[in-house]
1. Search the stretch 54-83 for residues being out of contact with any helix residue (DSSP H, G or I) (no Cβ under 6 Å at 6 or more places or on another chain) and of a type in the set (V, I, T), and hand back the single one that is nearest to Y24 (Cα to Cα).
2. Being of a type in the set (D, E), open to solvent by 70 Å² or more (accessible area, probe 1.4 Å), at pLDDT 95 or above and outside any strand (DSSP E or B), is that true of even one residue in the stretch 18-36?
Amino acid sequence: MSWYILSARERQRSGQFVAVAAAYDDMTATLVRDYLRERGINAVFLPVTYLYGPLQTRIWVHSDDEEIALRLLEDLRAEWRGV
């Protein structure tokens, strides 16, 4: 599973939503999204195909939930490293 937390300068914003993570396949994006949802964060992703560069699926949350989502993603990253 290949995914990462987006740095502050990488986080795209669209209206009241912000991208907090990126995954290289839809299965991983689904797992990351569901992890956040199970913890009360309404996370979504839209499958996007890039013509140039790596294929990535970005996980989006409401900007009000950005800080807590990032903390949860840090927890998830630590949890998956331990496996």
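1. Checked the stretch 54-83; the qualifying residue nearest to Y24 (Cα to Cα) is V83.
2. Filtering the stretch 18-36 down to residues of a type in the set (D, E) leaves 25-26, 34.
Now drop any that are not open to solvent by 70 Å² or more (accessible area, probe 1.4 Å), which leaves 26.
Restricting the remaining residues to those that are at pLDDT 95 or above gives none.
The answer is no, given that none of the residues of the stretch 18-36 is of a type in the set (D, E), open to solvent by 70 Å² or more (accessible area, probe 1.4 Å), at pLDDT 95 or above and outside any strand (DSSP E or B).
The values are calculated or read from the model by the stated rules, or taken from the named source; none is laboratory data. These figures come from a predicted structure and were not determined experimentally. Neighbour counts are summed over all protein chains in view; Cβ atoms, including those assigned to glycine, are modelled from backbone coordinates with ideal geometry. Accessible surface is based on the protein model in full, side chains and every heavy atom, while ligands, DNA and RNA are left aside. Shrake-Rupley method; radii C 1.70, N 1.55, O 1.52, S 1.80 Å.
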